[in-house]
Amino acid sequence: MFLVVNKYLLRKRFVGVTLWPFIVMREPKLLSDRYFINHEKIHIRQQAEMFVIPFFIWYVIEYFVRLIQYRDNYVAYLNISFEREAYAREMQLDYLETRTFWSFLAYL
């Protein structure tokens with residue numbers, strides 16, 4: 001995993017993004033935000049266990065399904081199973097030590 005700070009790689013509304021094996025963030029202060037980093041590490045694990053490309057295909061398809069379901073971009077994003085898992089567990093700093101394979105399925 002590599003941490004990258006670069007505000008030019010992200011659109012203004014994005015604080016950070018995980019593109020295995022990189023976590024890209026807009027602000028240097030996020031380097032010390034344990035919950036943000038844990039959230040992104042959960043995405044690293046999700047991407048790795050799905051061999052990266054299938055993760056992004058699933059992510060985009062689920063986003064559009066949620067967009068049809070909720071008719072709101074942000075609500076659709078929040079209800080993607082990968083995001084639901086990461087937000088639900090980001091404050092549990094030891095979560096990745098006990099997380100089982102494909103745990104995001106519980107958040108569908």
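The values are calculated or read from the model by the stated rules, or taken from the named source; none is laboratory data. The structure presented is a predicted model; accordingly, all values stated were derived computationally and were not measured. Ideal geometry is used to build each Cβ from the backbone, glycine not excepted, and the neighbour counts take in all protein chains shown.
Cβ-Cβ contacts under 9 Å between residues 6 or more apart (or on different chains), taken from a first residue in the stretch 36-47 that is farther than 16 Å from Phe14 by Cβ to a second residue that is surrounded by fewer than 22 Cβ atoms within 10 Å (Cβ to Cβ) and modelled with pLDDT under 95, are listed as Lys41/Met1; Ile44/Met1. Considering the stretch 38-50, the residues that are of a type in the set (A, V, I, L, M, F, W, C) and under 10 Å from the mean Cα position of the chain (by Cα) include one that is surrounded by the fewest Cβ atoms within 10 Å (Cβ to Cβ), namely Ile44. Every listed requirement among (1) farther than 14 Å from Trp20 by Cα; (2) of a type in the set (A, V, I, L, M, F, W, C); (3) in contact with a Lys or Arg (Cβ under 8 Å, 6 or more places away or on another chain) is met by Phe101 save one, (3).
Selection within the stretch 1-26: residues that are surrounded by 13 or more Cβ atoms within 10 Å (Cβ to Cβ) and not hydrophobic (A, V, I, L, M, F, W, C). The member of this set that is farthest from the chain's Cα centre (by Cα) is Arg26.
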